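Structure record follows, encoded as structure tokens.
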Amino acid sequence: MTKSAAITTTNTPRKEHALAPWQDQDWQRLWLATQEQARPWHSLALLPAGPGLSNETMLQIAVTLSHTGMTHLGGAIHVADGTRVRLADLIDFSQEIERCTRHEDKVLIALAAPNENVTSVSIAQAADCALLCVLRGEMRTAHARKTIEEVGSVHFIGSAMFRRVDG
């Protein structure tokens, strides 16, 4: 990972909040950290470090981060659900991401852990960059290392740490 890794601790998004989650300073810091990297991006893969973050939670993270980014940039940010992309659908999915980014649009791609979906590594490698999502106290360092190794450390702009929130 890069030396300027974006590390934050934030709650995984819930459906009910007093404030909209994207108004939370932790989410805003995470968004800004993705923008302060040396390489600009149009597609950012959000990849769990290992088992523990459900596909639904990864999609919620992508949606919340996109809303946060939209408040900053004032334009649309697409969310692509890559958590269940099958090998037979990989080319079509990748072409759709490419179509969006060709017009300078930003796309956040929610992915499943590599051990849960064989296409996650390929999608993360095809994206401009990736963000490693870690569930604090519930993911093993060995899984995170393996994920980074499978995708390639050069693809990651950093990591974000999340706490599980009940309710």
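The values are calculated or read from the model by the stated rules, or taken from the named source; none is laboratory data. All values derive from a computational prediction rather than experimental measurement. Every residue, glycine among them, receives a Cβ derived from its backbone with ideal geometry; neighbour counts consider all protein chains shown.
Of all residues in the range 58-75, none that is within 18 Å of P40 (Cα to Cα) and modelled with pLDDT under 95 has its Cβ atom under 7 Å from the Cβ atom of a residue that is among the aromatic types (F, W, Y) and surrounded by fewer than 20 Cβ atoms within 10 Å (Cβ to Cβ), 6 or more apart or on another chain. One residue stands out among those in the range 91-119 that are surrounded by fewer than 16 Cβ atoms within 10 Å (Cβ to Cβ) and closer than 20 Å to F156 by Cβ: the one that is modelled with the highest pLDDT, which is V118.
Based on what the data block shows, is I123 at pLDDT 95 or above, outside any helix (DSSP H, G or I) and either on the phi < 0 side of the Ramachandran plot or within 14 Å of the chain's Cα centre (by Cα) (or both)? No: the conditions fail for I123.
A single member of E104, E150 is part of a helix (DSSP H, G or I) and charged (D, E, K, R), and it is E150. Comparison of A142, A113, A62 shows that the only residue that is part of a helix (DSSP H, G or I) and more than 23 Å from Q23 (Cα to Cα) is A142. Restricting the range 17-64 to residues that are over 25 Å from K146 (Cα atoms) and in contact with a Lys or Arg (Cβ under 9 Å, 6 or more places away or on another chain), the residue that is surrounded by the most Cβ atoms within 10 Å (Cβ to Cβ) is P21. Taken over the range 61-115, the criterion of being out of contact with any helix residue (DSSP H, G or I) (no Cβ under 8 Å at 6 or more places or on another chain), of a type in the set (A, V, I, L, M, F, W, C) and farther than 15 Å from Q28 by Cα is satisfied by L87, A88, I91, C100.
Might you let me know whether the range 81-90 holds any residue that is modelled with pLDDT under 95, surrounded by fewer than 18 Cβ atoms within 10 Å (Cβ to Cβ) and not in a strand (DSSP E or B)? So far as the range 81-90 goes, no, none of its residues is modelled with pLDDT under 95, surrounded by fewer than 18 Cβ atoms within 10 Å (Cβ to Cβ) and not in a strand (DSSP E or B).
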